[in-house]
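Remarks on the structure that follows.
Values in this text are rule-based calculations from the coordinates and carry no lab data. Only a predicted model underlies this, so the values are computations on that prediction, with no experimental measurement involved. Here the Cβ positions follow ideal geometry from the backbone for every residue, glycine too, while neighbour counts run over all protein chains shown.
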Amino acid sequence: MAQAAAFDKSADAKRERLRQLIKHLSFRNDRTFTLASGGTSTIFFDLKPTMLDPEGIDLLADLLLARIAAIDADHIGGLAMGAVPVVVAAVLKSRATARPLRGFWVRKEQKDHGAAKRVDGHLVEGSRVIIAEDVTTTGGSAMTAIEEVRKHQCSIAAVVTIVDRLEGARENLARAGIELIALFDRNDFVGGD
């Protein structure tokens, strides 16, 4: 079930550089934080500074596309706001691949103006979709996006996250029949350099 990733030296170097950027720009452990899941933790990842850094988003898109290259999907999207930068970067860089992806994101609430929709971008009924996340804890945000995408009769190929906090997301998604692919997990940032 796991997608094998054949990383060459260049990919290993990119992964290590991205890990360093995340640790420097997006990792905190200086107090207790309340998480989107409702829990608390002394370890916190705010990936927006990394995703909005030119080197960070470039590396992130390269590594994400390498990890999902073998997955049969034609769309990538996720829950706004955390998934938006990674979705946009993946869509842009996928243009140079054999399988360009179309992107979308799911709003937390339906718009009350304009087309009054909950999904923005490209989501074609019946598509095979990858859900992108910045950080996963329990998988609740991913499941919110998945539930909305399934209303469009789309199937979920996988969920890909930048950082898995290792607090149940993999298990919760597996119970729903969905694979979680993590570029990193919390152990890549706790302790050491």
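Between Ile71 and Lys108, the FRET efficiency estimated from the beta carbon spacing at R0 = 25 angstrom works out to 0.45. Multiplying the residue separation of Ala174 and Asp30 by 0.36 nm and removing their Cα-Cα distance gives an extension gain of 48.6 nm.
So, counting K/R as plus one and D/E as minus one, what does the shell of residues with Cβ under 10 Å around Leu65 add up to?
In short, +2.
Extension gain, Thr97 to Glu125: 0.36 nm times the residue separation minus the Cα-Cα distance gives 7.7 nm. Toward the positive end of the charge dipole of the chain, with +1 on the Cβ of Lys and Arg and -1 on the Cβ of Asp and Glu, the farthest Cα among Ala11, Ala89, Val149 is that of Val149.
Taking amide H atoms as placed 1.01 Å from N in the peptide plane, the amide H of Ile181 lies under 5 Å from those of Val159, Val160, Thr161, each 5 or more residues away in sequence or on another chain. Number of Lys-Lys pairs in the chain with C-alpha atoms under 29 Å apart and a separation of 8 or more places or on different chains: 22.
Using only side-chain charges placed at the Cβ, +1 for Lys and Arg and -1 for Asp and Glu, the dipole size of the chain relative to its Cα centre rounds to 280 debye. Estimated from helices alone, the mean residue ellipticity of the chain at 222 nm is -10000 deg cm²/dmol (sum of -39500 (n - 2.57) over DSSP H runs with n ≥ 4, per residue). Each label point was placed 7 Å from the Cα along the Cα-to-Cβ direction; for Asp12 and Lys48 their separation is 3.6 nm.
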